Structure formats: C-alpha cells, structure tokens
1. Condition first: closer than 20 Å to Gln134 by Cα and not small (Gly, Ala, Ser). Now tell me which residues in region 55-101 satisfy that.
2. Can you go through Gln115, Gln131 and tell me which one is open to solvent by less than 100 Å² (accessible area, probe 1.4 Å), in a strand (DSSP E or B) and closer than 21 Å to Arg53 by Cβ?
3. Search region 118-128 for residues being over 14 Å from Leu143 (Cβ atoms) and assigned to a strand (DSSP E or B), and hand back the single one that is nearest to the chain's Cα centre (by Cα).
4. Within the group Glu93, Glu110, which residue is over 24 Å from Val29 (Cβ atoms) and surrounded by 11 or more Cβ atoms within 10 Å (Cβ to Cβ)?
5. For region 19-64, name all the residues that are within 11 Å of His87 (Cα to Cα) and either open to solvent by less than 30 Å² (accessible area, probe 1.4 Å) or at pLDDT 95 or above (or both).
6. Quick check: anything in region 30-38 more than 24 Å from Leu132 (Cβ to Cβ) and β-branched (Val, Ile, Thr)?
Amino acid sequence: ANAAAGAQNLADRAQFLHQNVFDADLGKVDVIFMWLFPELMRLLRPKILAQARPGTRVVAATWGIGNWAADVTDERPGNYTTVRLWHVPARIEGAWEWETNIGGVIHRFEALLEQQFQQAEGAVRVGHRRQLIQSAKLQGRNLQFLLSMTLPGTGYT
C-alpha cells in the first residue's frame, strides 16, 4: 500500500502501517479504518475515544462499535456491506462558563453538560434563570445547541 501511494505521488499524504492496533498511537491519525470482528472493535472503542483527536474519522465496514451510534451509515440495496462513519467527539462533559454581550448587557452563562459519545444534553444558568439546552449537536470539536430564555435586563430571549 505504501509503494502504491508512492507511485501515485501520495506518499506525503498517506501512510499505511501494519502493527498491533493496541500499540498504535492514535493521536497522530486523521482516519481510522477498521474491518474487524465486532468484539475487537468494541474493545478498541475506549482507546479511540481516549487517544484520537476530536474530529478524527472512524470508518468501519459491516459492524458497528457497540452502542456508539454512527454519524453516517451507508446501506445500499444489493450491497452486502454496510459502511459506517463516526467523528471522534471532543470531551465536553462538565461545567462550562462564558460571558457574552447581548443588547449592551454582559451576561455570565454557566452550563453543566452531560455526554454520551456525540450526544450531549445539559442545562444553562444566567443569574437566577435556568434552562435546558435543546437540539445539541456534537461533531468533532464543534458543539451547537439552542438555548431559549429571557435574559434579565435586556428584554431579549
């Protein structure tokens, strides 16, 4: 594979390694492709989540990785292999604080987030007001959510 990549002038962009997957340094990879038995893929999940950088793509043919739901699943009629794609999520669980200027008033936000793989939920507090976040989406390092609350002193929601 490395010789073929070199012949196509791709050696500076792609490198193929043959080694024990449990010894591999996953912090330096951009894509992890697995075609392994489901039990082995499930055993690798903690290593991937702990070592791979947020946004690293994980691609697997045929089987999933336990209860970690794929971001994209390709199941084509007549094709016997299902291909799944995951993006390693950043670790966002815990307490977060930030300030923002809304309508000329500085507001201090405090959030407590829970996470299961790329699924997130939580609550935000501004002063004495609290609200659950809605429609949370976590892909790699990117977290988006909707927060709807009336902010004190602004009249804005």
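The values are calculated or read from the model by the stated rules, or taken from the named source; none is laboratory data. Keep in mind that this is a model prediction, so the values were computed, not measured. Backbone-built Cβ (ideal geometry, glycine too); neighbour counts: all protein chains shown. Heavy atoms of the whole protein, side chains included, go into the accessibility calculation; ligands, DNA and RNA do not. Shrake-Rupley method; radii C 1.70, N 1.55, O 1.52, S 1.80 Å.
1. Matches in region 55-101: Asp71, Pro89, Arg91, Ile92, Glu93, Trp96, Glu97, Trp98, Glu99, Thr100.
2. Of the residues listed, the single one that is open to solvent by less than 100 Å² (accessible area, probe 1.4 Å), in a strand (DSSP E or B) and closer than 21 Å to Arg53 by Cβ is Gln115.
3. Ala123
4. Of the residues listed, the single one that is over 24 Å from Val29 (Cβ atoms) and surrounded by 11 or more Cβ atoms within 10 Å (Cβ to Cβ) is Glu110.
5. Ile32, Ile48, Leu49, Ala52, Arg53, Pro54, Gly55, Thr56, Arg57, Val58, Val59
6. yes
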